[in-house]
Amino acid sequence: MLEMSGHSIKMQYPSSTFQHLMALLTILHYPDKRLHKVAKPVAVVDDRIRKLVRDMAETMYDAPGVGLAATQIDVHERVVVMDVSEDKKDLMVLINPEIIARSDEQKTYEEGCLSVPGVYDEVERPAEVRVRALNLEGESFEFEADELLAVCIQHEIDHLNGKVFVQHLSMLKQTRLKARLRKEQRELERV
Ligand SMILES: [Zn+2]
């Protein structure tokens, strides 16, 4: 499923150290305009970025979700964390990720998003992608992804480009969804 070249993209922390350093971040909810900002590339992978990654990972696992882009916590830098494993022990960190090749074959998958809670819908995307990114040491690596991992990577890179998965749906669905979410928001504010 995942072909590696060179560097491991998995990251492990001793759990006690990890717990000391964690902080849960607030996830923006669609239709928040800040979800449509385009994130800037990370210039230097330093301790500030490594702390951001730790906090994002903790926020993703707590939610729980399989992926989180920095855009979703209102940090507009190109950082993604993901874990598509069943036991939730395979954290993947992608800094400045780029899709460098896509398959012609497309696949439809039912997607959801921590920024659009309770909404799931089918999105068609390339079935396989080749990705280049930096790891936590600032080193470049490449790999190929298919199945859920390919979906997740494309979904998260969309976030960095200011795009939420519901924007792949028909305009009619998007209009209905926005109206429904705004109504729910007004009802929450009234309570
Ligand atoms: Zn999402």
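Only one of these is more than 14 Å from the ligand (Cβ to nearest atom), assigned to a helix (DSSP H, G or I), at pLDDT 95 or above and not small (Gly, Ala, Ser): Leu188, Leu149. Name it.
Leu149
Among the residues that make up the range 158-168, is at least one of them farther than 21 Å from Arg78 by Cα and aromatic (Phe, Trp, Tyr)?
no
Take the residues in the range 55-85 that are of a type in the set (D, E, K, R) and either in a strand (DSSP E or B) or touching a residue at least 60 places away in the same chain (Cβ under 8 Å) (or both), then tell me which one is farthest from Val129 (Cα to Cα).
Top of the filtered list is Glu77.
When Lys163 is evaluated against the numbered criteria (1) farther than 30 Å from Arg180 by Cβ; (2) part of a loop (DSSP other than H, G, I, E, B); (3) of a type in the set (D, E, K, R), which criterion, by number, is the only one it fails?
(1)
I need a count of the residues in the range 70-100 that are within 16 Å of the ligand (Cβ to nearest atom) and acidic (Asp, Glu).
The number of residues fulfilling the criteria is 2.
Is it the case that the range 86-95 has a residue that's under 19 Å from Glu139 (Cβ atoms), in a loop (DSSP other than H, G, I, E, B), in contact with a helix residue (DSSP H, G or I) (Cβ under 6 Å, 6 or more places away or on another chain) and among the aliphatic types (A, V, I, L, M)?
yes
State all residues of the range 180-191 that are surrounded by 11 or more Cβ atoms within 10 Å (Cβ to Cβ) and either hydrophobic (A, V, I, L, M, F, W, C) or under 18 Å from His36 (Cα atoms) (or both); if no residue qualifies, say none.
Leu181, Arg182
Residues of the range 107-143 being without any contact (Cβ under 8 Å) to a residue 60 or more places away in the chain, within 16 Å of the ligand (Cβ to nearest atom) and either in a strand (DSSP E or B) or of a type in the set (Gly, Ala, Ser) (or both), which ones?
Residues satisfying the conditions are Tyr109, Glu110, Glu111, Gly112, Gly118, Asp121, Glu122, Val123, Arg125.
The values are calculated or read from the model by the stated rules, or taken from the named source; none is laboratory data. The model shown is predicted, which means the values in this text are computed figures rather than measured ones. Virtual Cβ from ideal backbone geometry, glycine too; neighbours counted across all protein chains shown.
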